[in-house]
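> Structure in structure tokens, see below.
The values are calculated or read from the model by the stated rules, or taken from the named source; none is laboratory data. Note that this is a predicted model, so its numbers are computed, not measured. Cβ: placed from backbone, ideal geometry, glycine included. Neighbour counts: every protein chain shown.
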Amino acid sequence: MGTGELRQRGQRTDSGRQSGAREAAGVDARSGHRTWWRNVARIAATLVCLSVCLSYLITETALWGHQSKWTNWRNYVPRRQRVFTPVELRQYDGTSPGLPILLAIEGDVYDVTLGSGFYGPGSPYSLFAGRDATRAFGTNCLSRKDHLTHDTRGLTQGELAGIKGWHALFDNHQRYVKVGVVRLDPIDPGAPIPPPCDGAQPKPH
Ligand code: HEM
């Protein structure tokens, strides 16, 4: 074997060693990255667990008292939204054992069974159950039947804003869930507008 051939072979071996070293360095860097990410994930998971536990101990909620429809797990259960007629909705006023309690506001129907202390038979707000009484939410008029309607003609801006507030409360509630809509009868434009309610209660909330 000539000197030139030996030199060539030596060069090949050197470059093989170098590329092997480069590969090893690449593998080291990749596994270093993986370990770094794994540690970050571990620390993040520990912090989340600690926060949830502490929050539960202090506020009895997992997210430091924050409550909205996004923290209501019931909203993550897939369910088909149902279209009710007003007559069908009446069945869900809490008087039929085994059926949920539903109420509607601005045409959206919510399952409020977990608020049966408010809406169940004999409860202070049972008149909202099984119907769309949007007007009464705006006028605060719980004493007159003609306000238990979805007819919002003639309401003031403040009363309409009040309705939006109640609607948002049901929509973002921690225990209630939207189950569908009610196909409301159109309002006869010739029908008289319900007169203002003199016995309206002041709204405390
Ligand atoms: C002086 C009159 C009133 C008082 C003292 C009163 C008091 C209360 C109280 C203490 C609660 C429970 C709040 C909670 O635990 O989160 C409540 C809930 C409620 N109030 Fe009144 N209220 C009055 C008038 C009204 C009126 C006029 C309306 C009509 C829009 C109304 C609608 C409601 C509803 C729908 C709930 C249940 C909210 C839910 O499901 O979470 N209240 N009320």
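> Which is near the ligand (Cβ under 10 Å from one of its atoms), closer than 24 Å to V77 by Cβ and surrounded by 14 or more Cβ atoms within 10 Å (Cβ to Cβ), of V177, V112, V182?
The match here is V112.
> I would also like to ask the following. Identify the single condition in (1) more than 15 Å from the ligand (Cβ to nearest atom); (2) closer than 15 Å to D171 by Cβ that I105 does not satisfy, given that it satisfies every other one.
(1)
> Out of R144, R135, R80, I need the residue that is surrounded by 17 or more Cβ atoms within 10 Å (Cβ to Cβ), at pLDDT below 95 and more than 9 Å from the ligand (Cβ to nearest atom). Which one?
Selected residue: R144, the only one of R144, R135, R80 that is surrounded by 17 or more Cβ atoms within 10 Å (Cβ to Cβ), at pLDDT below 95 and more than 9 Å from the ligand (Cβ to nearest atom).
> Testing G117 on (1) over 19 Å from H173 (Cα atoms); (2) exposed (fewer than 15 other Cβ atoms within 10 Å of the Cβ), one condition comes back false. Which one is that?
Of the numbered conditions (1) over 19 Å from H173 (Cα atoms); (2) exposed (fewer than 15 other Cβ atoms within 10 Å of the Cβ), the odd one out for G117 is (1).
> Further question: So D108 passes all but one of these: (1) over 27 Å from D185 (Cα atoms); (2) touching a Lys or Arg at 6+ places or on another chain (Cβ under 8 Å). Which condition number does it fail?
Evaluating D108 over (1) over 27 Å from D185 (Cα atoms); (2) touching a Lys or Arg at 6+ places or on another chain (Cβ under 8 Å) leaves (1) as the failure.
> Which one of S15, S31, S19, S51 is more than 30 Å from V177 (Cβ to Cβ), of a type in the set (S, T, N, Q), out of contact with any helix residue (DSSP H, G or I) (no Cβ under 6 Å at 6 or more places or on another chain) and modelled with pLDDT of 80 or more?
S31
> From G122, G117, G130, grab the single residue that is at positive phi and modelled with pLDDT of 95 or more. Before you say what the answer is, go through the steps one by one.
Working: G122 fails: modelled with pLDDT of 95 or more; G117 fails: at positive phi.
Only one candidate qualifies: G130.
> Determine whether region 102-109 contains at least one residue that is more than 28 Å from D198 (Cβ to Cβ) and in contact with a Gly (Cβ under 7 Å, 6 or more places away or on another chain).
Yes, that holds for at least one residue.
> Now for a separate question. Enumerate the strands (runs of 3 or more DSSP E) found wholly within region 60-161, keeping only those where 3 or more residues are touching a helix residue (DSSP H, G or I) at 6+ places or on another chain (Cβ under 9 Å).
Passing ranges, in order: 102-105, 108-111.
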